[in-house]
1. Which label belongs to the value computed from this structure, given these candidates for log10 I(q)/I(0) by the Debye sum over Cα atoms at q = 0.09, 0.10, 0.13, 0.14 Å⁻¹: [x] -0.27, -0.33, -0.58, -0.69; [y] -0.43, -0.52, -0.85, -0.95; [z] -0.33, -0.41, -0.70, -0.82?
2. Taking the dipole about the Cα centre of the chain, with the C-beta of Lys and Arg at +1 and of Asp and Glu at -1, give me whichever of Ser51, Asn10, Ile26 is farthest to the positive side.
3. Mind ordering 132-140, 95-103 by average Cβ neighbours within 10 Å, highest first?
4. Using only DSSP helix segments of four residues or longer, with each worth -39500 (n - 2.57), what per-residue ellipticity at 222 nm results for the chain after dividing by its residue count and rounding to 500?
5. Which whole-Hz couplings ³J(HN,Hα) result when phi for each residue of region 77-89 is put into the Karplus expression 6.51 cos²θ - 1.76 cosθ + 1.60, θ = phi - 60°, listed in order with x for Gly and Pro?
6. Amide H to amide H, which residues 5 or more places from Arg144 or on other chains are under 5 Å from it, using H placed in the peptide plane?
7. List the residues, sorted by chain then number, that are 5 or more residues from Cys88 or on another chain and whose placed amide H is less than 5 Å from its amide H.
8. Once you mark the GluC sites (Glu not before Pro) that are in a DSSP loop and have at most 12 other Cβ atoms within 10 Å, what is the longest gap between them in the chain?
Amino acid sequence: MNEVLDILNNTKIPKNKNRKNVSDGILECFALGLVPYRGAYFCDYKTSGESRFNKKYPLLYDKLRELIKIHDPSFNYTTIQVNKNIVCNPHTDKNNVGLSYIIGLGDYEGGNLMIEENEYDIKNKFLLFDGKKTHYNKSFIGDRYSIIYFTHSLNGIHKK
């Protein structure tokens, strides 16, 4: 985990204002793996593919895949969400399929994950959770990265 944290601390995390379900502000975050392309995001998810950040941050992408493989080699996912210093509003992940893994990394205090009325310390600990349940994180002090591994309902394959 220390190697992943070192890479994260040396990565310029892009600004994003398109995650209105999570926060009204500008966030530092990006997704690796398979993602809906921008034009498709606002339509019906018929266009998807490799994230442009896979090539921009190949070492980080490789190390994050190694990290989850060490923790749970049988876990299947399509996408890895990388967040930096985000305090999320209560929300649900409407485009997730199945369970997600989350882990918090960094030099921070607080920031526990709330899922409905339950509170979880995710600092340096993986937690398997259902993103369709209302969740958010508490405030924190310091630099906090949250890494979420999940399956996105890309291409309508998993849509009900």
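1. [x]
2. The listed residue farthest towards the positive side: Ser51.
3. Working: 132-140: 15.1, 95-103: 19.3.
Averaged packing, sorted descending, gives the order 95-103, 132-140.
4. Mean residue ellipticity at 222 nm (helix-derived): -5000 deg cm²/dmol.
5. Calculated HN-Hα couplings, in order: 7, 10, 9, 10, 8, 10, 10, 10, 6, 9, 9, 7, 6 Hz.
6. Asn85
7. Asn137
8. Numbers: sites that count: Glu116, Glu117.
So the longest stretch without any such site is 1-115.
FYI, it's all coordinate maths here, none of it is from the lab. Just so you know, these numbers come straight off a predicted model, no measurement behind them. All Cβ positions, glycine included, derive from the backbone under ideal geometry; neighbour counts span all protein chains shown.
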